[in-house]
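Notes for the one structure printed next.
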Amino acid sequence: MTNRSSPRQVPAHTLGAPGQRIALSLVGGVFGLLGAMGLIGAADPAGVVIYSVVLAAGLWLAFRGSLVGLRVDASGVTERGLGRSRTVSWCAVREVVVSTQGLGPAQTGSPGLVLKDGTSLPLTAIASYSSRTVQADLALLTSAHTAHRGACGACASTGSGER
């Protein structure tokens, strides 16, 4: 007997380029180190302020850079950027679509979410020039959304809303 009131477990996945996370963390670490070294040798108040800002920005970039990407789990999708994180529950999602950004030949694609209220949210944290990567990410998100809809009593009773 299946309990339709609790969602079936969707294994957690983190999407995004590991190389990007490594590069952002390293660059942030270098700036943090430069800020700390400059702060040690700073003699005037302006130097202290400037090196403190460089140190804080470097530490922030190193920390947030290691988190950049998209986390997909049973509760929904969490998009983590350098500035903030945004979480969307699967119950609020109507469908998963492909979203394109940019002009001309420099277009990038990424999966996007269309919410039940009609709002479109492109998931730019996992944007890619590779259509193969975009399609793989889209397939994973679609299967997680489908698994949630099938197991969630609230979503099943209101209908999927898909075209």
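Of the numbered criteria (1) assigned to a helix (DSSP H, G or I); (2) open to solvent by 50 Å² or more (accessible area, probe 1.4 Å); (3) modelled with pLDDT under 95, the one Pro7 fails is (1).
Might you check whether a residue that is at positive phi, open to solvent by 20 Å² or more (accessible area, probe 1.4 Å), at pLDDT below 85 and in a loop (DSSP other than H, G, I, E, B) occurs anywhere in segment 106-118? No; the residues of segment 106-118 include none that is at positive phi, open to solvent by 20 Å² or more (accessible area, probe 1.4 Å), at pLDDT below 85 and in a loop (DSSP other than H, G, I, E, B). Scanning segment 130-150 for any residue that is in contact (Cβ under 8 Å) with a residue 12 or more places away in the chain, over 15 Å from the mean Cα position of the chain (by Cα) and not in a helix (DSSP H, G or I) turns up nothing.
Just one of (1) over 26 Å from Val93 (Cα atoms); (2) in contact with a His (Cβ under 6 Å, 6 or more places away or on another chain); (3) of a type in the set (A, V, I, L, M) fails for Val54. It is (2). Of all the listed residues (Ser120, Ser130, Ser75), the sole one being out of contact with any Leu (no Cβ under 8 Å at 6 or more places or on another chain) and closer than 26 Å to Cys152 by Cα is Ser75. Going through (1) within 17 Å of Val134 (Cβ to Cβ); (2) without any contact (Cβ under 8 Å) to a residue 60 or more places away in the chain one by one, Ala57 falls short only on (1).
The residue of segment 69-104 that is surrounded by the most Cβ atoms within 10 Å (Cβ to Cβ), among those that are touching a Phe, Trp or Tyr at 6+ places or on another chain (Cβ under 9 Å) and assigned to a strand (DSSP E or B), is Val77.
Report, ordered by the first and then the second residue, all pairs with beta carbons closer than 6 Å, sequence separation of six or more or different chains, a first member in segment 96-112 that is farther than 15 Å from Val77 by Cα, and a second member that is of a type in the set (Phe, Trp, Tyr) and not in a strand (DSSP E or B). From segment 96-112, the pairs are Thr108/Tyr129.
Listed residues Leu55, Leu34; which is modelled with pLDDT of 85 or more and either within 20 Å of Gln20 (Cα to Cα) or open to solvent by less than 60 Å² (accessible area, probe 1.4 Å) (or both)? That would be Leu55, the only listed residue that is modelled with pLDDT of 85 or more and either within 20 Å of Gln20 (Cα to Cα) or open to solvent by less than 60 Å² (accessible area, probe 1.4 Å) (or both). Does Ile50 fit the bill of being exposed (fewer than 14 other Cβ atoms within 10 Å of the Cβ) and either part of a strand (DSSP E or B) or modelled with pLDDT of 90 or more (or both)? No: the conditions fail for Ile50. When segment 127-163 is limited to residues that are modelled with pLDDT under 85 and closer than 30 Å to Gly104 by Cβ, the one that is most open to solvent (accessible area, probe 1.4 Å) turns out to be Arg163. Considering segment 10-31, and only residues there that are open to solvent by less than 60 Å² (accessible area, probe 1.4 Å) and part of a helix (DSSP H, G or I), the residue that is nearest to Asp73 (Cα to Cα) turns out to be Arg21.
The values are calculated or read from the model by the stated rules, or taken from the named source; none is laboratory data. Treat the numbers as computed from the prediction; the structure is a model and nothing was measured. Counting neighbours? That spans all protein chains shown, and the Cβs are built from the backbone with ideal geometry, glycine included. With ligands, DNA and RNA removed, areas are computed over all heavy atoms of the protein, side chains included. Shrake-Rupley method; radii C 1.70, N 1.55, O 1.52, S 1.80 Å.
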